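For reference, the structure discussed in these notes is given below.
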Amino acid sequence: MDLHDKEILPGEILPVVIIGNGPSGICLSYLLSGYTPYLSPEASHPNPLLHSKLGEQPHLSLLEQDLEYLCEGLEGRSSNPVAVLFDSLLLPDSDFGLDHASPLAWRYEPERATPHLVLGKGPPGGAWHAMEGSMLTLSLANWMELPGLKLKDWMREKRRNVRNDRATPAEIASYYQHYVSQMSLGQSFACGTTVTAVTRQPGNQEGLPPCWRVTGLQRREGEELGDGSCVSEEVPFSLLSHSVVLATGTHDIPARLGVEGESLPFVCHSFWELEAAISRGELDQSSDPVLVVGAGLTAADAVLAAHHLNTPVYHAFRRSVTDPGLIFNQLPKLLYPEYHKVHQMMTQQQHRPAQNQAQNHQHHSPLSSSTSSPSPPSPSSTSSSSSSYPGYLSFPRHRVAAFRPDRKCVLESDSGQRTVVQVSMALVLIGAHPNLSFLPDNGRPLGANPDEPITCRRNPIEVDPFTNEVVSADGPGLYAMGPLVGENFVRFLKGGALAIASDLAKRQREESEGGGRGGRGGGDLTTDRLTTDRWVDRRATRQTETEICVLD
């Protein structure tokens, strides 16, 4: 929907603007549209302590309860306590492969709805639409679903024979787009929008309270040409909002190694470039090896894709295969057999520089330095009877030192020993950075380490764990969720939506009990001062904690 169709009056302050229309933004829109979770009277939860707590005030919705109290004692695969809580309520004991029914009952209560606007560059579903066409399957389908619409049921309607619990990226993207339509959320979505700035606006003498200004461009189809095509145009927009939610994800800008030769044509930074090479018939079992750099799930997908074609693979990564931080050591083996297979490959077929040097001490590569080991055996030479995974060779605790124009790559171990490998192409799949160019200094001041770029794993945006409000924002009412705060899996990013919706509902209750006329939506200055005081108190607490850490 075009923004000019939403009848937003000049100077009007919207309650909430959500930047990003992927699963994070969609789930939050669902909760803000009046869909409210309660404990079902006849339901039970396998965790008796949590069930007991929920039963203390069964007449209250989950949005009205004390989330911090409910989170106490829960453990899960996320460091975000509300994410663990909401996941355990939506998918009880799913980590054990069990399919318990959720104890939550969802009621549509339009009187609870908070007016909001969801901005996104493309159709609802966000980055999932960029993944369409993938031949690989992803996580368990029920882990990808959003509240109120079972993904398995939707998939069965789309294809007659569902042989497993997996779904392709194309199906996931279609599901999210259908979800917005099915739940009648479309009126709150403005697609084709690019946000260019988010700034804090001070109050003025005309009675406008402090708020956030969101500016950007919306792509619209213009007049139709004679050949039937349309000319698109970008129309600027400017919105005022009491609260802004950052839900942009982190897939916009591929991370780079920053080494010599990384811009050479054979060095790629996207899994989809591998798929394109495969579709063009450029890779087969006679090709030089593909070098995959990275130890995340996308790198694993690349290993599996190349291995499926019998194309030899070199796999280099910085961590040890036994490192607890390695994602493969955190995934249930039974639920992720294909990634467990990659981990086995990484473990069982490692490059042994000392051994290779003893066997080939007179055959140093001409590119090797005095500290180098000789070139390793081609992965295709590992197809002996002792090899479980022919055509694959891993390089744990190695980094790329340089790429050369002749398609040779220099790998360096932790001990400084270098190995040169000849490749057909190199895939650098070490994560991505979010595009936060609309924030000052690309959002760095908001990170746990303000001196580093925002990344999902190493430096997420620092938020209050029970409200998801950004700790170091320029004012109250700025929230972040999803990969921006370290949540990579859809099953856990839904907790951020619950935390934000709960905090917004709490503020609305406080404002209405305080006698504000129209609440924050009406621009009540007393309420805004109350909110500002809460934010100042939180920042002061954070500053004191930082000083204590420094003193210690």
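The values are calculated or read from the model by the stated rules, or taken from the named source; none is laboratory data. A quick note: this is a predicted structure, and the numbers were derived from the prediction, not measured. Cβ coordinates were reconstructed from backbone atoms using ideal geometry, including for glycine residues, and neighbour counts include every protein chain displayed. Heavy atoms of the whole protein, side chains included, go into the accessibility calculation; ligands, DNA and RNA do not. Shrake-Rupley method; radii C 1.70, N 1.55, O 1.52, S 1.80 Å.
Of all the criteria given as (1) within 30 Å of residue 118 (Cα to Cα); (2) modelled with pLDDT under 90; (3) assigned to a loop (DSSP other than H, G, I, E, B), the one not satisfied by residue 272 is (3). A Cβ distance below 7 Å, combined with a sequence gap of six or more or placement on separate chains, defines the contacts here; from segment 46-68, residues that are under 19 Å from residue 496 (Cβ atoms) and open to solvent by less than 10 Å² (accessible area, probe 1.4 Å) reach no residue that is of a type outside the set (A, V, I, L, M) and modelled with pLDDT under 90.
Residues in segment 453-505 that are among the hydrophobic types (A, V, I, L, M, F, W, C) and open to solvent by 20 Å² or more (accessible area, probe 1.4 Å): 463, 466, 485, 489, 505.
Could you grab me the full set of residues in segment 333-343 that are assigned to a helix (DSSP H, G or I) and in contact with a helix residue (DSSP H, G or I) (Cβ under 9 Å, 6 or more places away or on another chain)? If the condition is that a residue be assigned to a helix (DSSP H, G or I) and in contact with a helix residue (DSSP H, G or I) (Cβ under 9 Å, 6 or more places away or on another chain), then 338, 339, 340, 341, 342, 343 are the ones that fit. Which of the residues belonging to segment 301-321 are free of Cβ contacts under 8 Å to residues at least 60 places away in the same chain, open to solvent by 10 Å² or more (accessible area, probe 1.4 Å) and of a type in the set (A, V, I, L, M)? Listed by number, the list holds a single entry, 309. With (1) surrounded by 15 or more Cβ atoms within 10 Å (Cβ to Cβ); (2) of a type in the set (Phe, Trp, Tyr); (3) at pLDDT 90 or above as the list, and residue 154 as the residue in question, which single condition is left unmet? Just one mismatch for residue 154, condition (3). Scanning segment 182-199 for residues that are of a type in the set (A, V, I, L, M), open to solvent by 10 Å² or more (accessible area, probe 1.4 Å) and over 19 Å from residue 438 (Cβ atoms) yields a single hit, 183.
For every residue, the table says whether it meets (1) out of contact with any Pro (no Cβ under 8 Å at 6 or more places or on another chain); (2) modelled with pLDDT of 85 or more; (3) surrounded by 24 or more Cβ atoms within 10 Å (Cβ to Cβ).
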position	(1), (2), (3)
11	yes, no, no
15	no, yes, no
26	no, yes, yes
29	yes, yes, yes
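The residues in segment 414-438 that are open to solvent by 20 Å² or more (accessible area, probe 1.4 Å), over 21 Å from residue 273 (Cβ atoms) and either of a type in the set (S, T, N, Q) or in contact (Cβ under 8 Å) with a residue 60 or more places away in the chain (or both) can be counted, and the count is 3.
Restricted to segment 372-411, and to residues there that are among the β-branched types (Val, Ile, Thr) and modelled with pLDDT of 90 or more, the residue that is farthest from residue 429 (Cα to Cα) is 410. Looking at segment 35-73 only, could you name the residues that are farther than 19 Å from residue 494 by Cα and among the charged types (D, E, K, R)? 42, 53, 56 - these are the residues of segment 35-73 that are farther than 19 Å from residue 494 by Cα and among the charged types (D, E, K, R).
Within segment 99-122, the residues that satisfy the criterion of being open to solvent by 20 Å² or more (accessible area, probe 1.4 Å) and hydroxyl-bearing (Ser, Thr, Tyr) are 102, 108. Take residue 342 and decide whether it is out of contact with any Cys (no Cβ under 8 Å at 6 or more places or on another chain), within 15 Å of residue 419 (Cβ to Cβ), modelled with pLDDT of 85 or more and open to solvent by less than 60 Å² (accessible area, probe 1.4 Å). Spelling it out, it is not the case that residue 342 is out of contact with any Cys (no Cβ under 8 Å at 6 or more places or on another chain), within 15 Å of residue 419 (Cβ to Cβ), modelled with pLDDT of 85 or more and open to solvent by less than 60 Å² (accessible area, probe 1.4 Å). Within segment 481-505, the set of residues being in a helix (DSSP H, G or I) and aromatic (Phe, Trp, Tyr) comprises 492 only. Please verify whether residue 196 is β-branched (Val, Ile, Thr), modelled with pLDDT of 90 or more and closer than 17 Å to residue 243 by Cβ, treating the condition exactly as stated. Answer is no for this residue.
Filtering segment 284-300 to residues that are open to solvent by 20 Å² or more (accessible area, probe 1.4 Å) and either closer than 22 Å to residue 326 by Cβ or among the aliphatic types (A, V, I, L, M) (or both) leaves 295, 296, 297, 298.
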